[in-house]
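To keep things clear, I will list the structure first and then write my remarks on it.
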Amino acid sequence: MATATGTRAPRLTAALREGERVMPLELFFDLVFVLAITQCTALMFHQPTWSGLAQGMLVLGVLWWSWTGYAWLTSVVDPEEGAVRIAIFAAMAAFLIVAICVPEAFDELALEFALAYGAVRGAHIALFMLASRGDPALRQSTVGLAGGTALGVGLLMSASLLDGLAQAAVWALALLLDMGEPFLFGSEGWRLVPAHFAERHGLIIIIALGESIVAIGAGAAAHLTAGIVAAAVLGIALAAALWWVYFDVVALVSARRLARAPEGRERNELARDSYSYLHLPMVAGNVLVAFGLKKTLGQVDDPLDTLPAFALLGGVAFYLLGHVAFRFRHIHSINRQRLLLALVLFAMLPAAVELPALATLAIVTALLCALIVYETISYGEGRDRVRHEDFAPERPSA
């Protein structure tokens, strides 16, 4: 409507991001994702079957795709300015309902999960539409993403009417189509701030690692024995080793490569593949490790059942395989030692169901620490340059 002076009233707008620093509201938003990850672990813990494991991973995939969508969003808009702040709060409320529904996402609360998830994704699309005013390329990409989102949410709502394998299949299809949209229909129109985007994903790895700490506390069940103390110490050592594998060199080198990539399609596709896609197996690996640790703390002297043994060994292996794929996407070479250790961990499964759980945890931790020692020595001066110079050479790369 025109005002008395003939000018138009200001339209609802979104301020574009200018700085690289992750803002407090983004960290506040992540607190809801913390609960969601914990709920995924709880789902698998209370339903320790292969179907329960598959359900937990499908739910995690859906949650991850919604979270990484907001990472892209807040790399375009300033989340703490204007109406965007209120919209983020509203999205948090919807995400909280999603997290609450997770343990029953395939049962009694399937429809409620889908509806709340639709609200989270709807707010995301609406904010992107707001941010894309005056940017036809970003608007086109947003419209394409909206189509994939609507299809995914619709399939999840349809899945609430099903059960068993049919329900899981529709969930898998919904996740595949939703996540596949940016890959299939171009990435030229997206925008991001490289340093912010890389830091955002690094922080979410820390959150996933934190789930292992929570699992140690929950697994101890408020009692203490010598075996539980040993398992808790080994669990912390394992979490620390997983942290080292990512943050010692990988996070630094990958962030710099993203910043150096030419703006536009090349940078967007690198961000999409290496962060939005390939960080998912890293996060999923950490969630599986948390499940395995929780079971280990509850039975330190007895062998693990096949499923929690697979979660502990396979979780670390999937985490390492995510790193292998991450490196290959960046420089088209394979980290052989990480690939080899991942294969060794999978091969250990028959032994893990015979050994005491504490022994299995000790072996996994020792192997990962040995990998770190080997890489630290072999990288030598190159590692030191990467860690202490702003613009380090391309090598070493984990």
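The values are calculated or read from the model by the stated rules, or taken from the named source; none is laboratory data. Just so it is clear, the model here is predicted, and its values are computed rather than measured. Cβ: placed from backbone, ideal geometry, glycine included. Neighbour counts: every protein chain shown. Note: areas computed on protein heavy atoms with side chains; ligands, DNA, RNA excluded. Shrake-Rupley method; radii C 1.70, N 1.55, O 1.52, S 1.80 Å.
Stretching the chain fully between Cys369 and Glu354 yields a gain of 3.1 nm (0.36 nm per residue, less the alpha carbon separation). Spin-label pair Phe183-Thr225: with each label point 7 Å from Cα along the Cα-Cβ axis, the two points sit 4.6 nm from one another. Each helix, a run of at least 4 DSSP H residues, gives -39500 (n - 2.57); summed and divided by the residues of the chain, these come to -25500 deg cm²/dmol at 222 nm.
In region 329-369, the alpha-carbon atoms span a convex hull of 74 Å³ per residue.
As a length-normalised measure over Cα pairs under 8 Å and 6 or more apart, the relative contact order of region 68-121 settles at 30 percent. Between the alpha-carbon centres of region 277-317 and region 233-250 there is a gap of 15 Å.
Charges only on Cβ, +1 for Lys and Arg, -1 for Asp and Glu: so what's the dipole of region 215-349 about the Cα centre, in debye to the nearest 20?
Numbers: 12 positive and 8 negative charges, 116 e Å.
Magnitude of the dipole: close to 560 debye.
Coordinate range of the alpha-carbon atoms in region 35-103 per principal axis, descending: 46, 19, 12 Å.
Using only the Cα atoms of region 151-299, build the gyration tensor, take square roots of its eigenvalues as a ≥ b ≥ c, and label the shape rounded, prolate or oblate: rounded if a/c is under 1.5, else prolate if a/b is larger than b/c, else oblate. Since a/c reaches 1.5 but b/c is at least a/b, the shape of region 151-299 is classed as oblate.
Using only alpha carbon pairs under 8 Å that are at least six residues apart, calculate the relative contact order of the chain and give it in whole percent.
Numbers: 544 pairs, mean separation 62.4, N = 398.
Rounded, it is 16 percent for the chain.
The peptide list 325-338, 282-295, put in order of mean Cβ contacts within 10 Å with the highest first, becomes 282-295, 325-338. Packing here is the average count of other Cβ atoms within 10 Å per residue, and on that basis the peptides 57-63, 27-33, highest first, run 57-63, 27-33. Membrane-span-like helices in the chain (whole DSSP H runs, Cα extent of at least 27 Å along the helix axis, mean Kyte-Doolittle hydropathy of at least -0.5): 24-46, 50-73, 83-101, 110-131, 136-159, 164-184, 194-220, 226-247, 279-298, 306-331, 357-388. Modelled this way, with points 7 Å down the Cα-to-C-beta line, the labels at Val143 and Ala126 are 2.1 nm from one another.
Shape of region 282-329 from its Cα gyration tensor (a ≥ b ≥ c, root eigenvalues): rounded if a/c is under 1.5, otherwise prolate when a/b > b/c, or oblate?
Details: a/c = 3.97, a/b = 2.89, b/c = 1.37.
Prolate shape, in that a/c is at least 1.5 and a/b is the bigger ratio.
Rounded to the nearest 0.05, what FRET efficiency is calculated for Leu35 and Ser158 with R0 set to 35 Å and r the Cβ-Cβ distance? Using R0 = 35 Å, I get an efficiency of 0.85.
For region 287-398, which whole-number percentage of the solvent-accessible area (1.4 Å probe, protein heavy atoms only) is attributable to carbon and sulfur atoms? Mind showing how you got there, number by number?
Values: 3070 of 4990 Å².
So the carbon and sulfur contribution to the accessible surface is 62 percent.
Which value, in debye to the nearest 20, describes the size of the charge dipole of the chain about its Cα centre when Lys and Arg Cβ atoms bear +1, Asp and Glu Cβ atoms bear -1, and nothing else is charged? It would help to have the intermediate numbers written out before the result.
Values: 26 positive and 33 negative charges, 185 e Å.
The dipole magnitude comes to about 880 debye.
Here the chain is described by how far its Cα atoms reach on the three principal axes: 80, 55, 36 Å, from widest to narrowest. Derived scalar couplings between HN and Hα for region 265-271 equal 4, 4, 5, 4, 5, 5, 5 Hz in order, rounded to whole Hz, by the Karplus curve 6.51 cos²θ - 1.76 cosθ + 1.60 (θ = phi - 60°), x for Gly and Pro. All alpha carbon pair distances within region 109-162 were sorted into 10 Å bins beginning at 0; the resulting P(r) in whole percents reads 26, 43, 23, 8, 0. Accessible area per residue for the chain, computed on protein heavy atoms with a 1.4 Å probe, is 42 Å².
If you take the square roots of the eigenvalues of the alpha-carbon gyration tensor of region 64-165 and sort them as a ≥ b ≥ c, do you get rounded (a/c under 1.5), prolate (a/b over b/c) or oblate? The shape class here is oblate. Amide H contacts under 5 Å for Leu16: Asp78, restricted to partners 5 or more places along the chain or on a different chain, H placed in the peptide plane at 1.01 Å from N. Projecting label points 7 angstrom from Cα along Cα→Cβ for Ile213 and Ala237 puts them 1.9 nm apart.
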